[in-house]
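Heads up, the thing below is written out as structure tokens.
The values are calculated or read from the model by the stated rules, or taken from the named source; none is laboratory data. What you are looking at is a predicted structure, and each value in this text was computed from that prediction instead of being measured. Neighbour counts are summed over all protein chains in view; Cβ atoms, including those assigned to glycine, are modelled from backbone coordinates with ideal geometry. The protein model used for the area step is the full one, side chains on, heavy atoms only, and it has no ligands, DNA or RNA in it. Shrake-Rupley method; radii C 1.70, N 1.55, O 1.52, S 1.80 Å.
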Amino acid sequence: MELHDIFPQFAPELLAHLEKIGQITEFEQGDMLMRSGQYFKNSLLILDGRVKLYREGEEGEEFFLYYLEKGNACALSMICATKNEASAIKAKAMTPVKALSIPIQHMDGLMKDYRQWYYFVLETYRSRFEELLEVIDHVVFHSMDEKLEFYLKRQFETLGDKISVTHQEIADDLNSSREVISRLLKKLESQKRISISRNEIARLNF
């Protein structure tokens, strides 16, 4: 797919410049795109695939933040790259991923010379900040069954009526145990809100 199909808001001049300074990079499913403590040399525009961003605790526990998909950019890489700061989160390719890698030395010029890029960066910051506020709200103020419903709702909205995920993966994302998640999923299934099969959850009345 052409770059202008993925980022139709960008003018031809900006698209041409991005194609000139950027490099297509591909990742296999399971590859780590970002690690805690890593310093960024590039910022990524996602052209295809799905990337999971999460925070890792001191004892190795994971806390899911959000996904990056086609047409998204990594706000954290933009921030850390321009300020020369290390990443505080990890990013993992959940599917094969294709991205346009933009070297950090071009960030200031893009912000200064292309108004559409400036607005794109601001919108990326804004949307991710709002998403993180929503995540924090559910973590702090809601019970585990409410957290699970919020999690599933985000997955269905992003991936459609069927999602491929294990109970353990959900437990890892919500910093819970597989047994607790399985019990709560069974409860939702008994309410005929979801249907559970091997490594797959389908939305019924959710």
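Numbers for the structure displayed
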read-out: Top-ranked residue of segment 176-196 - restricted to ones that are touching a His at 6+ places or on another chain (Cβ under 7 Å) and closer than 24 Å to residue 56 by Cα, ranked as most open to solvent (accessible area, probe 1.4 Å); value: 178
read-out: Counted residues, segment 8-32 - those being in contact with a Leu (Cβ under 7 Å, 6 or more places away or on another chain) and not small (Gly, Ala, Ser); value: 5
read-out: Entirely in segment 1-115, the strands (runs of 3 or more DSSP E) that have 2 or more residues that are open to solvent by less than 20 Å² (accessible area, probe 1.4 Å) and at pLDDT below 85; value: 62-69
read-out: Every pair of residues 6+ apart whose Cβ atoms lie under 8 Å, when the first sits in segment 61-77 and is hydroxyl-bearing (Ser, Thr, Tyr) while the second is open to solvent by 40 Å² or more (accessible area, probe 1.4 Å); value: 66/131; 66/132; 67/94; 67/158; 77/42
read-out: Every pair of residues 6+ apart whose Cβ atoms lie under 7 Å, when the first sits in segment 103-131 and is in contact (Cβ under 8 Å) with a residue 60 or more places away in the chain while the second is acidic (Asp, Glu) and open to solvent by 100 Å² or more (accessible area, probe 1.4 Å); value: none
read-out: Cβ-Cβ under 9 Å pairs, at least 6 apart or on other chains, segment 4-19 side more than 12 Å from residue 100 (Cβ to Cβ) and without any contact (Cβ under 8 Å) to a residue 24 or more places away in the chain, far side open to solvent by less than 20 Å² (accessible area, probe 1.4 Å) and of a type outside the set (S, T, N, Q); value: 4/10; 4/15
